[in-house]
Every structure is written in C-alpha cells, then in structure tokens.
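To start, the structure under review is shown below, and the notes come after it.
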Amino acid sequence: MRTPTHDSDFSRTSEQLSAEVNPYEPELGSLPQNDLSAADLDNVNKTGTTTIGITTADGVVIATDMRASLGGRFVSNKNVQKVEQIHPTGALTMVGSVGGAQSFIKSLRAEVNLNEARRGEAMSIDALATLAGNFARGGPFFAIHPILGGVDEEGSHVYSIDPAGGVMEDDYTVTGSGMQLAYGHLEQAYEDDMSNEEAKTVAARSIKSAAERDTGSGNGVFLCEITEESVDIHGHHDFDEVI
C-alpha cells in the first residue's frame, strides 16, 4: 500500500477534518476585550455613585442615585439609570466606569438568556452571583463594584461583587463613593422583615444622605422593587416623592 504524500488529497482532507470543531464539545464564548489602562479611566464617564441593596419580607429593594461624572470633578449626566434588570427576578447596579458597567450588564444578561433557552428555566440567583464574580475577576470590566439583587425559590438575595470577583451575600449592602454616608443611615433604620414599601423609604433616605456630601452622588434616586414575579424600576428626581 502506497503511503500518502504530505501534499496529497488524503493528507489535505485529514488536516481539514482534524481542524474542525468537535460538535460534542461545549461551546466556549469570549469576553469583550479592550486596551485601556488605569490612567485612561480619568477621561471616561464614571458613575461615582451610591447604590444600596436590601432584602425584605416581600423580596428585594435596590436604590441608586442618578449622577455620572468625569474624573469626579464634572457632572456629565444627571439622569443615569444605574440599576438594570438582567434576570426575570433579578437586577444589577452600575458602579465604576459607565462603559465597563454597561458591558458587564450586557454580558450577564446574555448568559442568563442563553441559560434559560438551553435549560428551559431561569438561572438561580446564587448561580448568577457566581457567574458575575467570575466575569468581574476574568474580564476587562474596569473598577466595577456592583450589587446584585434577586428572588428565587431559595428566597431573597443581595450580593456585593467586588472588582477582584469576590462575592459576598448579606441582608443589606452599599457600594460606591457615598457608601460610608449611606451606611450611617441604613445601619440605624434597617429592620428584619421590612416590607418593600418600608425598604424603599429607608433606601431613598440613605441615598439622599449620601447625596448631601458625596460629589459623585446626586440628582435623584432610582428605586428597583423585586418580587418573586417581576422587577419594577422607577426614577425620581425629587426625593420628597419617595420619602
């Protein structure tokens, strides 16, 4: 039997087949990439921010301010929605660079939709928190520190996700440049088993407290109410509407 030469039809077909993707292997996606350095972040929009997540007897309440700034010195937008629905009963806040936070939210939302399409059921909030931590640790999402809140069969959940991918669950949490000011009010006002309505008032007052002194926070509050059935988000430029 004659041995096929390197440039024969047989060898070319063999090489082509060996290069094809195995249809039985899992498909692996890729994270978005960029070449920004830490110094470049001084020239991009940042949310500055105070964001709050609170677990309640009814579900979860998330509150954020509405200001974006350039380098922390100039208010570039007064009507930023810093909380987005990413799951049928879950939402995530934007903290850090606006572009990085938006990309982070889009990536997570796509994964949630893909998981639901493949499995026929919504991802658990705990699994979503783990995925968010993995994305934050391995992706190009500069200086983000979001809050993830959601409701599933296990109950109500609030997670803080740090820039290194650390995931911590708590009854309530605050992130952003105004976190110390907001915590001052939240620590005193929080009670176990609050209703969503009570939690919205406490959260809005905490955001207002931060906005009084933190230059990166202000211009109103977005309130997100999460139950086992839905996610409802509304913005308010006047704090008196919700306090």
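The values are calculated or read from the model by the stated rules, or taken from the named source; none is laboratory data. Everything numeric here is computed off the predicted structure, so don't read it as measured data. Cβ sites come from the backbone with ideal geometry, for glycine too, and all protein chains shown count toward neighbours. What goes into the accessible areas is simple: the full protein's heavy atoms, side chains included, and nothing from ligands, DNA or RNA. Shrake-Rupley method; radii C 1.70, N 1.55, O 1.52, S 1.80 Å.
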**Request:** Specify which of the listed residues (Glu169, Glu228) is open to solvent by 10 Å² or more (accessible area, probe 1.4 Å), closer than 30 Å to Ser124 by Cβ, in contact with a His (Cβ under 9 Å, 6 or more places away or on another chain) and not hydroxyl-bearing (Ser, Thr, Tyr).
**Result:** Glu169
**Request:** Could you tell me which numbered condition Asn219 fails, if it satisfies all but one of (1) crowded, with 23+ Cβ neighbours inside 10 Å; (2) at positive phi?
**Result:** (1)
**Prompt:** Is it the case that Glu198 is over 18 Å from the mean Cα position of the chain (by Cα), free of Cβ contacts under 8 Å to residues at least 12 places away in the same chain and within 16 Å of Val60 (Cβ to Cβ)?
**Reply:** no
**Asked** Does Gly184 satisfy the condition of being more than 18 Å from Gln85 (Cα to Cα), surrounded by fewer than 24 Cβ atoms within 10 Å (Cβ to Cβ), touching a residue at least 60 places away in the same chain (Cβ under 8 Å) and of a type in the set (Gly, Ala, Ser)?
**Response** no
**Message:** I need the full set of residues from the stretch 202-216 which are under 18 Å from Ala189 (Cβ atoms), hydroxyl-bearing (Ser, Thr, Tyr) and open to solvent by 40 Å² or more (accessible area, probe 1.4 Å), in order please.
**Reply:** Ser209
**Request:** State which residue pairs qualify: first residue open to solvent by less than 10 Å² (accessible area, probe 1.4 Å) and inside the stretch 144-158, second residue among the aromatic types (Phe, Trp, Tyr) and in a strand (DSSP E or B) in any location, beta carbons under 6 Å apart, and separation of 6 or more residues or different chains.
**Result:** Leu148/Tyr159
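Kindly provide the set of residues from the stretch 123-141 that are farther than 16 Å from Leu92 by Cα and open to solvent by 40 Å² or more (accessible area, probe 1.4 Å), ordered by number.
Selection gives Arg137, Gly138.
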**Request:** Consider Gly120 carefully, then state whether it is surrounded by fewer than 16 Cβ atoms within 10 Å (Cβ to Cβ), more than 15 Å from Thr55 (Cβ to Cβ) and in contact (Cβ under 8 Å) with a residue 24 or more places away in the chain.
**Result:** no
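Conditions tested, residue by residue: (1) over 12 Å from the mean Cα position of the chain (by Cα); (2) modelled with pLDDT under 80.
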site	(1), (2)
Leu28	yes, yes
Leu36	yes, yes
Val44	yes, yes
Leu70	yes, no
Asn79	yes, no
Gln85	no, no
Thr89	yes, no
**Complete:** Checking Gly176, Gly155 in turn, the sole residue that is touching a strand residue (DSSP E or B) at 6+ places or on another chain (Cβ under 9 Å), farther than 16 Å from Gly90 by Cα and not aromatic (Phe, Trp, Tyr) turns out to be Gly176
**Item:** Qualifying residues in the stretch 45-92 (those that are polar (S, T, N, Q), touching a Leu at 6+ places or on another chain (Cβ under 8 Å) and touching a residue at least 40 places away in the same chain (Cβ under 8 Å)) - the one least open to solvent (accessible area, probe 1.4 Å)
**Value:** Thr50
**Prompt:** For the stretch 183-215, which residues satisfy the criterion of being assigned to a loop (DSSP other than H, G, I, E, B), farther than 20 Å from Glu228 by Cα and in contact with an Asp or Glu (Cβ under 9 Å, 6 or more places away or on another chain)?
**Reply:** Tyr190, Glu191, Asp214
